[in-house]
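The block underneath contains the structure these notes are about, expressed in structure tokens.
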Amino acid sequence: MLDPDAFTGTLTTIERFILDEQMEHPGATGALTDILYDLALAAKIIASKTTRAGLVQILGSTGEENVQGEVVQKLDQFADSTIFRLNDHTGRLAAMASEEHEDFIPIPDRFQTGNYVLLYDPLDGSSNIDYNVSIGTIFAIYRRVTTTDRGSLEDCLQQGRKLVAAGYIIYGSSTMMVYSTGRGVHGFTLDPSIGEFLLSHPYIQMPDKPMYYSVNQGYEHYWKDGVQRFTNWVQGKDHNGPELSLRYIGSLVADFHRNLLTGGIFYYPADAKDSQKPHGKLRLLYEAAPLAFLAEQAGGYASDGRQAILDIQPTTLHQRVPLFIGNRSLVEKAEEFIAKYGG
Ligand code: FDP
């Protein structure tokens with residue numbers, strides 16, 4: 001593992017850092033390095049639009065709905081096609097899947113395929129686009145499991161434990177890319193004046209003492225008893241609760257990012273609000289699993305209330321799961337309440 005202290009006082013670009021990590025693996029082909037570097041490039045291209053969204057009149061919906069029945073925003077489409085177009089022809093991927101597409105996305109026949117699979121949520125938190133609230137991109141990289149033909153659905157439906165790398169880009173007051181290849185979580189902040197991501201947060205660990213709980217409490221009356229009682233406990237209403245303060249942006253990447261740095265728990269439980277979505281709103285493959293990978297790498301934990309998110313075997317591309325993610329002690333407490341009172 002790279003020495004965390006080695007970065008104190010240095011000016012390290014994301015390219016340098018990714019290459020240094022690659023050199024830790026003597027047999028590495030460089031393909032994963034190049035995928036990560038292309039994602040950093042996608043981040044810069046998407047950030048150039050999110051920061052100028054009002055100016056270029058790109059705000060607003062296209063009027064279409066995506067496969068989730070949500071209104072598609074123009075920036076979603078832009079982010080989606082940017083990531084696809086940077087990755088379809090490189091020969092490093094066997095397949096892709098995006099939250100915006102119903103089926104997995106094969107690599108076009110005219111291009112070679114490679115050993116990795118990329119799953120992504122191009123613009124998460126998109127209901128916030130028009131209101132200048134932070135939004136994000138989430139990505140997950142697996143090794144392909146099939147050996148014949150070009151990539152298939154099977155390559156995309158992998159357990160989070162098999163992740164090779166995962167991360168997100170947050171478009172906020174600054175743009176940051178945070179990722180892990182299983183050797184710690186590292187954050188890079190974009191310096192727009194030079195167009196480079198610079199290492200700003202090496203080896204992120206969730207603080208032991210959490211500050212916030214984050215949940216859409218407007219849906220409280222749709223929750224099961226276990227989630228309700230857990231929330232009372234977190235607030236300190238119940239005996240021994242930690243009395244956390246509430247912060248909820250409603251943009252998963254932004255909520256997760258804040259809690260990663262401050263300590264806390266984000267949850268989007270199963271609720272009775274929409275009978276079409278009995279398992280909550282968030283998607284296992286595009287949201288829950290990659291963030292769970294980061295949480296565990298940062299000393300935290302993610303659960304669906306009953307088992308580790310990373311242990312769930314996906315059965316469909318757009319599968320939804322309840323998500324409890326953050327400090328391990330808090331997530332395990334949520335599991336305890338759910339086991340006892342349901343959730
Ligand atoms: P959005 O609908 O704006 O794209 O999964 C999408 C997501 O946002 C998450 O980013 C966010 O955490 C959640 O949905 C917010 O949902 P609620 O509005 O139901 O709280």
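The values are calculated or read from the model by the stated rules, or taken from the named source; none is laboratory data. The model shown is predicted, which means the values in this text are computed figures rather than measured ones. Using ideal geometry, Cβ is built from the backbone for each residue, glycine included, and neighbour counts are taken over all protein chains shown. In case anyone asks, the SASA skips ligands and DNA or RNA and just uses the protein heavy atoms, side chains included. Shrake-Rupley method; radii C 1.70, N 1.55, O 1.52, S 1.80 Å.
Annotation: average projected area of region 167-271 is 7.8 square nanometres, based on the convex hull of Cα atoms across all directions. Annotation: peptides 301-309, 123-131, ranked by per-residue average of other Cβ atoms within 10 Å with the highest first, follow the order 301-309, 123-131.
When peptides 15-22, 150-157, 317-324 are ranked by their average number of other Cβ atoms within 10 Å per residue, the highest-first order is 317-324, 150-157, 15-22.
Size of region 262-343 from its Cα atoms: along the principal axes, largest to smallest, the extents are 33, 29, 22 Å.
Based on the Kirkwood radius over alpha-carbon pairs, what is the Stokes-Einstein translational diffusion coefficient of region 219-291 at 10 °C with 1.306 mPa s viscosity, in µm²/s?
Working: Rh = 13.6 Å.
Rounded to a whole number, D works out at 117 µm²/s.
Taking every protein chain into account, the 1.4 Å probe leaves Arg247 with about 100 Å² of accessible area, to the nearest ten. Could you tell me the distance between the Cα centroids of region 222-273 and region 85-163, to the nearest Å? Value for the Cα centre distance between the two parts: 30 Å. Annotation: Tyr341 carries an accessible surface of approximately 80 Å², with a 1.4 Å probe and no ligand, DNA or RNA atoms counted.
From the Cα gyration tensor of the chain, with a ≥ b ≥ c the square roots of its eigenvalues, which class applies: rounded if a/c is under 1.5, or else prolate if a/b is larger than b/c, or else oblate? If you can, show how the numbers build up before the last one.
On the way: a/c = 1.44, a/b = 1.31, b/c = 1.10.
Rounded, since a/c falls under 1.5.
Taking amide H as placed 1.01 Å from N in the peptide plane, Glu196 has its amide H under 5 Å from the amide H of Asp191, each at least 5 places away in sequence or on another chain. Ordered by 1.4 Å accessible area with all protein chains kept, Arg92, Arg85, Arg110, Arg229 run largest first as Arg110, Arg85, Arg229, Arg92. Along its first, second and third principal axes, ordered by size, region 119-216 spans 45, 38, 34 Å in Cα coordinates. Sorting Asp76, Asp208 by accessible area puts them as Asp208, Asp76; the probe is 1.4 Å, largest comes first, and only protein heavy atoms count. Taking amide H as placed 1.01 Å from N in the peptide plane, Gly263 has its amide H under 5 Å from the amide H of Met211, each at least 5 places away in sequence or on another chain. The phi torsions of region 153-158, fed into the Karplus equation with coefficients 6.51, -1.76 and 1.60 and a -60° offset, translate into couplings of 4, 4, 5, 8, 8, 10 Hz, rounded to whole numbers, with Gly and Pro shown as x.
Tell me, rounded to the nearest percent, the portion of alpha carbon pairs in region 124-164 spaced more than 12 Å apart.
Values: 539 of 820 pairs.
Taking all Cα-Cα pairs of region 124-164, the fraction more than 12 Å apart is 66 percent.
Over 23 Å between Cα atoms: which of Lys224/Lys340; Lys224/Lys281; Lys224/Lys273; Lys162/Lys333; Lys237/Lys273 fall into that group? Violating the 23 Å limit, Cα to Cα: Lys162/Lys333; Lys237/Lys273.
Couplings for region 103-109, taken from phi via the Karplus curve 6.51 cos²θ - 1.76 cosθ + 1.60 with θ = phi - 60°, read 9, 5, 9, x, 6, x, 4 Hz in order; Gly and Pro are left as x. Ranking of Thr315, Thr13 by solvent-accessible surface, largest first: Thr315, Thr13 (1.4 Å probe, protein heavy atoms only, all chains present). Each other residue within a Cβ distance under 9 Å of Ile249 adds +1 if Lys or Arg and -1 if Asp or Glu, for a net charge of +1. Given Gly264, Ser245, Phe293, which one lies farthest toward the positive end of the charge dipole of region 230-293, if we put +1 on the Cβ of every Lys and Arg and -1 on the Cβ of every Asp and Glu? Going by the Cα projections, it comes out as Phe293. With the whole protein complex present, Met206 retains an accessible surface near 20 Å², based on a 1.4 Å probe. Summing Cβ point charges (Lys, Arg +1; Asp, Glu -1) relative to the Cα centre of the chain gives a dipole of roughly 380 debye.
Gain in length, Thr262 to Gln205, computed as 0.36 nm per residue apart minus the alpha-carbon separation, to one decimal in nm? Could you put the intermediate results ahead of the total?
Numbers: separation 57, 0.36 × 57 = 20.52 nm, distance 0.96 nm.
Contour length minus Cα-Cα distance gives 19.6 nm.
Taking amide H positions as modeled 1.01 Å from N, with prolines and chain starts lacking one, the residues under 5 Å from Thr12 and 5 or more places away or on another chain are Leu199.
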